[in-house]
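Asks: Before we start, here is the structure in question, set down as structure tokens.
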Amino acid sequence: MNFRELLLLVLVGWTAIGVIGVTISLLRHERAKAVRHSLWVVAVWAVYMVILVTTSLTQPQKVVAIGQDQCFDEMCFAVTGVQELPGYLIQDGSRLIRVSVRISNHGKQKMQSEKLIQAYLIDKQGRRWEESTAVSGVRLTARVAAGDSVESQPVFKVAGDATGLVLILTHGQRQPGVLVIGDSDSLFHKRTVVWLGR
């Protein structure tokens, strides 16, 4: 857990204490005190959200090179190769792109996985393609032993005219990272990308 995640955790804990205080004040019929405490909670969250959004809008987009680890705590992901799959007869003119991703557990004690991790491709026109679910193999969410690595090879079906492809690894929008200041998944933040050279 880094400082920014700890800051959010402290804020959530402080908010929980504030809500308990407001509830107690209401039960004691101390309405003015309850309103005052509520305003403090709202004001602190408003300041936090302004800092979060300002940071998201002003930070430059991070670009990760092929072969470079992108880590989420002790689990790291690195694109090690990109391949267009030849010989597949696709009637609509689409292309199949296979991305090799090394998944490493840099922890020292237990098997772990990034349960929420998902990947998608975006081209320079902003079009988005999700991982093809019909292709089986090692998933990005695979459990990896401490100090070990495995390779996942997600496949994406993209338009035939797609160029400037980048891979984005994300935990999605339904997780606490959206409220972590400076996190790639935070609100309005430019996503960290891996240029695939395609």
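Each row is one residue, and each column tells you yes or no for (1) modelled with pLDDT under 95; (2) of a type in the set (D, E, K, R).
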{"residue": "Glu5", "(1), (2)": "yes, yes"}
{"residue": "Leu8", "(1), (2)": "yes, no"}
{"residue": "Arg31", "(1), (2)": "yes, yes"}
{"residue": "Ala43", "(1), (2)": "no, no"}
{"residue": "Ile90", "(1), (2)": "yes, no"}
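Asks: Considering only residues of the stretch 134-166 that are under 29 Å from Leu7 (Cβ atoms) and among the aliphatic types (A, V, I, L, M), which is most open to solvent (accessible area, probe 1.4 Å)?
Replies: Ala146
Asks: Further question on the same structure: Is the stretch 86-99 home to any residue that is polar (S, T, N, Q), out of contact with any helix residue (DSSP H, G or I) (no Cβ under 9 Å at 6 or more places or on another chain) and closer than 20 Å to Arg143 by Cβ?
Replies: Checking the stretch 86-99: not a single residue is polar (S, T, N, Q), out of contact with any helix residue (DSSP H, G or I) (no Cβ under 9 Å at 6 or more places or on another chain) and closer than 20 Å to Arg143 by Cβ.
Asks: Need at least 3 residues that are within 25 Å of Leu179 (Cα to Cα) per element, so show me which strands (runs of 3 or more DSSP E) inside the stretch 32-129 make the cut, counting only ones lying wholly within it.
Replies: Because the criterion is at least 3 residues that are within 25 Å of Leu179 (Cα to Cα), the strands (runs of 3 or more DSSP E) in the stretch 32-129 that meet it are 70-72, 75-84, 118-122.
Asks: So, in the stretch 92-116, of the ones that are surrounded by fewer than 14 Cβ atoms within 10 Å (Cβ to Cβ) and of a type outside the set (A, V, I, L, M, F, W, C), which residue ends up modelled with the highest pLDDT?
Replies: Lys115
Asks: When you look at Pro176, is it modelled with pLDDT under 90 and either within 26 Å of Leu7 (Cβ to Cβ) or surrounded by 14 or more Cβ atoms within 10 Å (Cβ to Cβ) (or both), yes or no?
Replies: yes
Asks: Another question, if that's okay. Within the set of pairs 6 or more residues apart or between chains, which connect a residue that is in contact (Cβ under 8 Å) with a residue 40 or more places away in the chain inside the stretch 1-26 to a residue that is open to solvent by 60 Å² or more (accessible area, probe 1.4 Å) with Cβ atoms less than 7 Å apart?
Replies: Sorted first by the residue in the stretch 1-26, then by its partner, the pairs are Leu8/Pro176.
The values are calculated or read from the model by the stated rules, or taken from the named source; none is laboratory data. Bear in mind the structure is a predicted one, so any value in this text is a computation, not a measurement. Cβ atoms come from the backbone with ideal geometry, glycine included; neighbour counts cover every protein chain shown. Calculation scope for accessible area: heavy atoms of the full protein, side chains included, ligands and nucleic acids excluded. Shrake-Rupley method; radii C 1.70, N 1.55, O 1.52, S 1.80 Å.
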